[in-house]
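Notes follow the structure.
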Amino acid sequence: MEQEPVNVSEFQKLAKQILPKMYYDFITGGADDEYTLRENIEAFRRITFRPRVLVDVSRINLSTTILGHKISVPIMLAPTARHKIAHPEGEVATARAAAACNTIMVLSFTSNCTLEEVASSCDAVRFFQLYVLKRRDVSAHLVQRAESNGYKAIVLTADRPRLGQREADIKNRLLLPKVKIYEGLISTKSHSDIGWLKSVTNLPILIKGVITAEDAIKAVEVGVDGIIVSNHGARQLDYVPATIFALEEVVKSVGNKVPVLFDGGIRRGTDVFKAIALGAQAVLVGRPVLYGLAVKGEHGIRRVIEMLRDELELTMALSGCCSTKEITRSHIQTQHERLK
Ligand code: FNR
């Protein structure tokens, strides 16, 4: 492809040409039959718009506020592992892109760059993602490093007590540089230690990986400050629903008690609009960021976020919404509702 990519899937095609197959497959793949992987994308196609046209849309405001931090677009960077497989600058390039787009980056527990390197490279608002660890002393140490390096929240990923099976990685005999200190640390306990975490940090805690009302209610009861509806990009349990169809259940069960964020399958500005219409305050993107990073480093990620932003802005204008607050459930219709 000689021309500049004009959308996220074109970035994906370029990334496929550039990356070693083993790494491209690692980034792109999902668990087992990859049913949920396909669904995460396809489900968005079963939601259509109910636009309003009798609205003055001369000014569109995309900004929103997440845990008190104002960001210029409701699109954040999801935590994804090992950015150096995509680009030698790794998470430092990602953080700079987040800063340039005035949005939030969530640094993965399994990052190639250290918390400190990322913190000193830019002034982006950063959150730090943690898994539930067997050793609380290690969690406490990481949380303390996050706090002292200016990270603004802890994102506790709860849907990875064990690693999902990704067959492409087995076939490719995927060899990734090991992140040694983390080996054997992930806890298989189902409870998420939120209460304990709250006792060792004043940072707000978001729980990531919730897709049912039952878990959402439990999480609010133990005092989380926000929920990220996510199925880990369909890399853990196959045959869970597309996250976009789990979102409303979680939002309804939580009420207005804590903000609900969303990730999984966002590839278009129209997808962002649909997630907001179903109650998400903002979305996170995983793979698109890695495609941008692989193709053009920091600049590639900026382009990916800008393209999604521009598509969202146009969608809002054409739907009659001047701000993200004006995007409501009545601006969309699911296939199920259409067939009633
Ligand atoms: C992930 N994800 C993830 N999540 C997390 O909490 N910690 C992590 O280290 C990782 N690592 C990771 C690596 C790769 C290669 C991918 C693709 C994903 C999941 C990620 O945060 C997010 O939930 C999904 O990527 C969202 O789906 P999309 O945007 O990739 O479709």
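Values in this text are rule-based calculations from the coordinates and carry no lab data. Please read all numbers here as calculations on a predicted model, not as lab measurements. Here the Cβ positions follow ideal geometry from the backbone for every residue, glycine too, while neighbour counts run over all protein chains shown.
Would you please give the FRET efficiency between LYS70 and GLU4, computed as 1/(1 + (r/R0)^6) with r the Cβ-Cβ distance and R0 = 41 Å, to the nearest 0.05?
0.85
Any idea what the dipole of the range 215-340 comes to, in debye rounded to 20, about its Cα centre with Lys/Arg Cβ at +1 and Asp/Glu Cβ at -1?
Approximately 200 debye in magnitude.
What is the Cα convex hull volume of the range 1-155 when expressed per residue in Å³?
184 Å³
Of ILE71, HIS232, LEU312, whose Cα points farthest to the positive end of the dipole of the chain (charges on the beta-carbon: +1 Lys, Arg; -1 Asp, Glu; origin at the Cα centre)?
Of the candidates, HIS232 comes out farthest on the positive side.
Once amide H atoms are built 1.01 Å from N in the peptide plane, which residues 5 or more positions from SER187, or in another chain, come under 5 Å H to H?
Result for SER187 returns VAL132, LEU133, LYS134.
I want the local charge near GLU89. Using Cβ-Cβ distances under 14 Å, sum +1 for each Lys or Arg and -1 for each Asp or Glu among the other residues.
Charge balance near GLU89 sits at +2.
What's the exposure ranking of ILE228, ILE186, going from fewest to most Cβ atoms within 10 Å?
ILE186, ILE228
Expressed in nm², what is the orientationally averaged projection area of the convex hull enclosing the Cα positions of the range 102-259?
Average projection, Cα convex hull of the range 102-259: 10.2 nm².
Which whole number in µm²/s is D for the chain by Stokes-Einstein, with the Kirkwood Rh taken over Cα pairs at 10 °C and 1.306 mPa s?
So the translational diffusion coefficient is about 79 µm²/s.
So for the pair CYS322, GLU116, with labels modelled 7 Å out along Cα→Cβ, what separation do we get in nm?
5.0 nm
Tell me, in nm to one decimal, what length is gained between LYS257 and ARG145 on full extension, where the rule is 0.36 nm per residue of separation less the Cα-Cα distance?
37.4 nm
Give me LEU308, LEU115, LEU318 sorted ascending by neighbouring Cβ count inside 10 Å, so fewest comes first.
LEU318, LEU115, LEU308
Given +1 on the Cβ of Lys and Arg, -1 on the Cβ of Asp and Glu, and no further charges, what dipole in debye does the chain carry about its Cα centre, rounded to the nearest 20?
Here the size comes out at about 180 debye.
Check the straight Cα-Cα distances from LYS152 and name the aspartates and glutamates below 20 Å, setting aside those fewer than 8 residues away within the same chain.
GLU91, GLU116, GLU117, ASP123, ASP193, ASP225, ASP263
Please work out the Cα center distance from the range 274-331 to the range 2-45, rounded to the nearest Å.
17 Å
What is the fewest-to-most order of LYS340, LYS70, LYS84, LYS13 by other Cβ atoms lying within 10 Å of their Cβ?
LYS340, LYS70, LYS13, LYS84
Find the eigenvalues of the gyration tensor of the Cα atoms of the range 202-336, then list the square roots of 5 times those eigenvalues as equivalent ellipsoid semi-axes, largest first, in whole angstrom.
24, 19, 15
What aspartates and glutamates sit close enough to LYS252 to cross-link, taking a C-alpha to C-alpha distance under 14 Å and skipping anything fewer than 8 places away on the same chain?
By straight Cα distance, LYS252 reaches GLU214, ASP215.
Step by step: find N for the range 260-340, compute 2.2 N^0.38 Å, then divide the Cα radius of gyration by it. What's the final number?
1.18
Express in nm, to one decimal, how much length is gained between SER63 and ARG136 on full extension, taking 0.36 nm for each residue of separation and deducting their alpha carbon distance.
Value of the extension gain: 22.6 nm.
Exceeding 24 Å between C-alpha atoms, which entries from my cross-link table qualify? They are LYS208/LYS296; LYS171/LYS274; LYS13/LYS171; LYS208/LYS257; LYS208/LYS340.
Check vs 24 Å cut-off fails for LYS208/LYS296; LYS171/LYS274; LYS208/LYS340.
Based on DSSP, what percent of beta bridges with both residues in the chain are antiparallel, to the nearest 5?
Of those bridges, close to 20 percent are antiparallel.
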